[in-house]
Every structure is written in C-alpha cells, then in structure tokens.
1. Going residue by residue through the stretch 117-140, is there one that turns out to be open to solvent by 10 Å² or more (accessible area, probe 1.4 Å) and within 25 Å of V59 (Cα to Cα)?
2. Assuming F147 fulfils every condition listed in (1) closer than 17 Å to L38 by Cβ; (2) in a strand (DSSP E or B) apart from one, which condition is it?
3. Test Y160 against the stated conditions and say whether it is out of contact with any strand residue (DSSP E or B) (no Cβ under 9 Å at 6 or more places or on another chain) and hydroxyl-bearing (S, T, Y).
4. What residue, of V158, V139, is of a type in the set (A, V, I, L, M, F, W, C), at pLDDT below 90 and either in a strand (DSSP E or B) or closer than 22 Å to P174 by Cβ (or both)?
5. Which of the residues spanning the stretch 141-152 are open to solvent by 40 Å² or more (accessible area, probe 1.4 Å) and touching a residue at least 24 places away in the same chain (Cβ under 8 Å)?
6. Residues of the stretch 72-105 being of a type in the set (S, T, N, Q), part of a strand (DSSP E or B) and farther than 13 Å from D42 by Cβ, which ones?
7. If you go through the stretch 70-81, how many residues are out of contact with any strand residue (DSSP E or B) (no Cβ under 6 Å at 6 or more places or on another chain) and either small (G, A, S) or at pLDDT 95 or above (or both)?
Amino acid sequence: GTGFGGGGFGHGHGQDRGGIFQEQYHCYSVAYADKAHLEKGDKILLPPSAFDSLARLQVDYPMLFRLESSDKGTMTHSGVLEFTAEEGSCYIPFWMMQNLVLEEGSLLTVTNVSLPKATFVKLQPQHVDFLEISNPRAVLEHALRNFSCVTKGDVICVPYNSRNYHFMLQQVQPADAACIIETDCNVDFDAPLGYKDSHTAPPKPGLSSPSTTPAPSAPSSNAGSTSSMPTLRKQRADGTSSECPSPTPSSMSGTSAAKTTKMMDIDHDQNDTSTTKKKMDNHDDDDGV
C-alpha cells in the first residue's frame with residue numbers, strides 16, 4: 001500500500017492523525033550524540049518510540065521524513081539512521097540545522113513522507129575551489145551515496161580531501177523534494193558561485209556578511225575547525241564549532257559557463273529496510289538505515 005504511517009504528536013504514542021506519523025522533538029546536532037560523521041549525509045536519529053509508532057503502521061520504505069520548523073517557516077527532508085535518541089529529542093546533521101535556521105534545542109516537527117524518485121538534480125558549487133578537484137563528478141557521486149533524498153533550495157555539505165565543499169540544490173525533479181536511493185539521476189552542474197574572471201566571489205548587495213564564500217574548513221576529524229560564517233554560527237558543548245559550516249546566503253543567479261550533464265547511478269550501499277530493526281539495539285553500527 002501507499003500509507004505513510006500514523007501515530008501521535010508529542011512522544012510517539014498519541015492518537016492517529018489521518019494516517020500520518022507526525023511528532024515534535026527538540027533537535028540537536030549529531031555531534032551531541034557523538035556521531036559527527038553523520039555530517040556527511042542526511043540521516044537523523046529518532047527516539048525508540050518513533051520506531052514503535054512506525055512499526056505499527058504501513059509505512060513506505062525507505063523511511064523518509066519531512067523536517068519543519070513552524071517558528072522559522074523552514075523545511076527539508078531526511079532519512080533515518082537509527083532509533084537511539086533520547087525520548088523527546090532528535091539529532092540531525094548540523095548543515096541541516098543551518099538550512100532550517102535552527103539553534104540547538106529548537107522544536108522540530110518530523111513527519112513521515114513518501115517522495116518520488118529523483119530524475120534530475122542541478123547543483124551549484126558555492127565556491128570556485130570545486131573546480132580544482134580532478135574528478136568532481138566522481139567525488140559528488142560518492143558523496144551522494146550517504147544521502148537519502150534532496151530538497152530544492154538546500155545547501156548540502158560534502159567533505160572531501162580535508163575540505164568542506166558546499167552545493168546549492170538549484171533544481172530537483174520531478175518534485176522539489178525527491179528520493180535518490182537506488183535511482184538513475186541526471187546531474188547538472190551550474191558554474192560555481194563567483195565564477196567570473198577571478199577566483200573571488202564579488203560581494204552581493206544586501207548581505208550582512210563581508211564575504212560570500214566560506215573559508216577553507218579543516219578535516220572533519222578536527223573538532224577545533226572554525227567557521228567563517230558570520231551568522232548562524234553554532235558552538236558545541238565543548239566550545240568547538242561544528243565541522244560543516246554552511247556558506248553565507250548568496251544569489252542563485254546562474255552564469256554562462258559551460259555545463260555538463262551525465263547519467264549518474266547513485267548505488268547506495270545501505271539496505272534501508274532490512275537493517276532498521278537490527279540497529280535499534282546496536283548504537284555502534286553506523287552504516288545507515
């Protein structure tokens with residue numbers, strides 16, 4: 001069937017709300033759960049009660065969720081890694097928190113959804129440094145294996161070779177949000193932000209920041225890396241910044257640089273459905289649900 005699931009609103013044991021699983025949690029970045037490596041994808045951690053509710057319902061697999069902030073009016077989508085979060089809480093990648101304009105502990109509404117398979121994705125690198133990668137398409141193809149879905153307007157973070165590269169999802173078809181698990185997807189690259197005649201992005205009018213490009217980031221294993229982003233900077237409990245700072249908001253206008261399109265087969269290594277239950281009691285298995 002195509003039922004999305006059901007459940008309550010609060011802590012996983014409420015009344016059925018028209019066949020849709022929907023909960024509200026306090027969200028924190030994955031670094032607080034000692035799973036900073038999840039910054040490389042879009043998997044979140046939900047509490048065990050969420051699995052109890054979803055297991056009773058006929059949900060579509062892989063499990064995908066819409067994440068919304070009613071306060072900020074922002075929205076994105078995610079997969080789920082495991083159901084090991086504390087009750088009333090969820091953990092999401094820090095780059096997602098920045099797309100949602102959320103702070104640690106903010107309320108987040110999580111709704112189980114079904115998304116169409118992606119057929120076309122257009123990304124814009126947020127810095128000209130992306131051009132220096134010898135095989136950028138292979139790098140991005142490998143990085144997207146850690147993602148369950150893509151949402152138009154999001155800026156995703158791709159750590160590679162001791163750097164963090166950011167990409168704006170300018171177009172997603174056949175809908176503004178789509179699943180990229182086990183799908184053939186045409187991927188198009190727009191010219192990098194700031195790609196004109198120099199390797200420095202010109203200042204954009206109306207921005208509060210002095211620069212439209214993020215400073216080079218340290219390796220993800222270096223918890224002491226700093227963010228150049230003047231706004232939305234978050235600090236972990238130990239005083240260090242999260243490893244995937246989002247770039248400064250920027251113009252989405254394209255340029256006339258040449259673009260290439262190629263069929264990309266995103267062959268995920270994960271088995272979303274068969275391993276979900278196994279991972280509930282195994283906090284150390286982080287391959288993905």
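1. Within the stretch 117-140, one or more residues are open to solvent by 10 Å² or more (accessible area, probe 1.4 Å) and within 25 Å of V59 (Cα to Cα).
2. (2)
3. Answer is yes for this residue.
4. V158
5. Hits for the stretch 141-152 are E141, R145, N146, K152.
6. The answer is T74, S89.
7. The qualifying residues number 3.
Let's see how each residue does on (1) crowded, with 23+ Cβ neighbours inside 10 Å; (2) at pLDDT 95 or above; (3) farther than 30 Å from S162 by Cβ:
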position	(1), (2), (3)
L46	yes, yes, yes
A55	no, no, yes
Q58	no, no, yes
L107	no, yes, yes
V110	no, yes, yes
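The values are calculated or read from the model by the stated rules, or taken from the named source; none is laboratory data. Quick caveat: nothing in here was measured; it's all calculated off a predicted structure. Neighbour counts are summed over all protein chains in view; Cβ atoms, including those assigned to glycine, are modelled from backbone coordinates with ideal geometry. Side chains are part of the model used for accessible areas, which takes the heavy atoms of the whole protein and leaves out ligands, DNA and RNA. Shrake-Rupley method; radii C 1.70, N 1.55, O 1.52, S 1.80 Å.
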